[in-house]
């Protein structure tokens, strides 16, 4: 494992640290008496921050070799290099007035570190107070950079400290959300975007996050600029009802609210080589290239995130073994009723034992997650979480319910007509425009469950006309099917539905 992998170590080029520090000095007029660089690496930010002529500098770094490099370069009377784990470092003796925290925390998640068997993983605390299954599944996967920045904010929140750290845009937005929820005072909260491909050689949307903390909050929004043109506002964000809301333009319809239907995430098994099967030459083939001879009862059509390419999906080449009807269900029944399936799974038990996620601990053998009665609904309307342009697909099979993977989301319906009508409403031009306006295209998953849950069908069905649905059918190259009667029936469902 390389140091870059284990520590999210992207050393900032000195020419860029100079750009950042000169920006802070000349444009933001920052004049600190103390400069702190957490995770200072080889000390490039410390070198560039000498422009501030502060009376004291601190560099904190877990890697002892980097500490030695810094100590050889800096005068120890003014620059203190501390070999320490940032997650356990006590900042209380550094808290004071007129402090600047500047640098580039590691860009990696706790899940990525766990997969690498890294020792550099902070204690897994539930930082965002997630409840239930969300706290032990994907929702609890946190960015190490985000954790560090939140910890710094907590340590310095009652001061006038300046925080200027490089991070992904998604991390900056999460920080804004937590700062607002925590009612932490600030006078400035700004994102200055830059070209990470040019600076670090990576494809990610990144920014210099600048926060001026304050004992009392004066500002309320997050403003977004380009670092190359810091006087030209690109957009602004605010937190309303616990949601980060971008500024809506005048030509965007507002369908924001609460979805009357429950958006569900697809099944999670983390064992694709064994659980997912390809149908080739009338045979089921697993990820190892082996022919799989098992009972068909637990084998279901599967649509993965990358397969959402048409508005109606009704033919399948990929399948998945579904071992449970609900989470935590005892799977021993498989051995009695489906002995070939049990033997196949048991013969490959070593693959299941390699699953890293804690959700499988103390669970029955061959357990899955994201499974329930909703998984077995006959008709679904699903969407990939990854695509930049949202496409909602009607999923239907003549034989069995269609399953989707855990990077996708869906609604369940009891009739084809309701599912089809829902698909048209969701793919209509105005709903698509609104959905893009409330999502962040630089997120790994622009269309998450939280984003989709904001689609208020009661507003949608009132505003989108029948003619617009007909236009949507044409745009999607579908044969005419929608009728005013189907729309009326769907409206009745929307206004009568209650969430389970």
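Assorted remarks:
- Of all residues in segment 45-60 being in contact (Cβ under 8 Å) with a residue 24 or more places away in the chain and out of contact with any strand residue (DSSP E or B) (no Cβ under 9 Å at 6 or more places or on another chain), the one that is nearest to residue 77 (Cα to Cα): 47
- Residue in segment 25-38 that is at pLDDT below 95, crowded, with 23+ Cβ neighbours inside 10 Å and in contact with a helix residue (DSSP H, G or I) (Cβ under 9 Å, 6 or more places away or on another chain) present: yes
- Qualifying residue in segment 446-454 (condition: surrounded by 22 or more Cβ atoms within 10 Å (Cβ to Cβ), in the same structural domain as residue 372 (by TED's automatic domain parsing), more than 19 Å from the chain's Cα centre (by Cα) and touching a residue at least 24 places away in the same chain (Cβ under 8 Å)): no
- Here residue 388 clears all of (1) part of a loop (DSSP other than H, G, I, E, B); (2) modelled with pLDDT of 95 or more except the condition numbered (2).
- Residue selected from segment 178-193 under the condition in contact (Cβ under 8 Å) with a residue 40 or more places away in the chain and under 15 Å from residue 167 (Cα atoms), by the criterion surrounded by the most Cβ atoms within 10 Å (Cβ to Cβ): 192
- A single member of 212, 168 is surrounded by 16 or more Cβ atoms within 10 Å (Cβ to Cβ) and touching a helix residue (DSSP H, G or I) at 6+ places or on another chain (Cβ under 8 Å), and it is 168.
- Odd one out for residue 76 among (1) more than 23 Å from residue 162 (Cβ to Cβ); (2) within 33 Å of the chain's Cα centre (by Cα); (3) not in a helix (DSSP H, G or I): (2)
- Filtering segment 302-346 to residues that are outside any helix (DSSP H, G or I), under 14 Å from residue 402 (Cβ atoms), in contact with a strand residue (DSSP E or B) (Cβ under 7 Å, 6 or more places away or on another chain) and touching a residue at least 60 places away in the same chain (Cβ under 8 Å) leaves 302, 303, 304, 308, 310, 312, 313, 316, 320, 322.
The values are calculated or read from the model by the stated rules, or taken from the named source; none is laboratory data. Model, not experiment: these values are computed from the prediction. Cβ atoms come from the backbone with ideal geometry, glycine included; neighbour counts cover every protein chain shown.
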